[in-house]
Amino acid sequence: TAINFAKKFGVVTVLKGAGTIIASPDGEVYINHTGNSGMATGGSGDVLSGIIGSLLAQGAAPINAAAAGVFLHGTIGDLAAEKLGKISMLPTDMIDMIPTAYLKLM
């Protein structure tokens, strides 16, 4: 599980899926419910990694970067699905929704 992996290797772990799990080595766990099936496409994880990396580069703690990144990633996926539908969603569609998501969440 994500929790066991995080503890065993001393890392923050993100286990993507319906109800993405974010776990820290000290036992902190979050479950994210944003996102949709349209995000199950090649490149979606790359978008998530970029978001988390950006938050880390801005000084966020790893668990906070992962939790916020997963939430933002799901939110942009939901916005893209509302605008374009789930069936043909591309990672670039999600990237295009980042500014809209930030405005919605602020």
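The values are calculated or read from the model by the stated rules, or taken from the named source; none is laboratory data. As the structure is a prediction and not an experimental result, all values here were calculated from the model. Cβ sites come from the backbone with ideal geometry, for glycine too, and all protein chains shown count toward neighbours.
Let me confirm something: among L56, L84, L103, which residue is without any contact (Cβ under 8 Å) to a residue 12 or more places away in the chain and touching an Asp or Glu at 6+ places or on another chain (Cβ under 7 Å)?
Answer to the check: L84.
Would you pick out the residues in segment 52-62 that are of a type in the set (S, T, N, Q) and either on the phi > 0 side of the Ramachandran plot or in a helix (DSSP H, G or I) (or both)?
S54
Given the options V14, V47, name the one that is over 14 Å from G77 (Cα atoms) and modelled with pLDDT of 95 or more.
V14
Of the residues that make up segment 63-81, is at least one assigned to a helix (DSSP H, G or I) and loosely packed, with under 15 Cβ neighbours inside 10 Å?
No - not one qualifying residue is present in segment 63-81.
Within segment 82-106, which residues are buried (at least 21 other Cβ atoms within 10 Å of the Cβ) and either outside any helix (DSSP H, G or I) or touching a strand residue (DSSP E or B) at 6+ places or on another chain (Cβ under 7 Å) (or both)?
M89, M97
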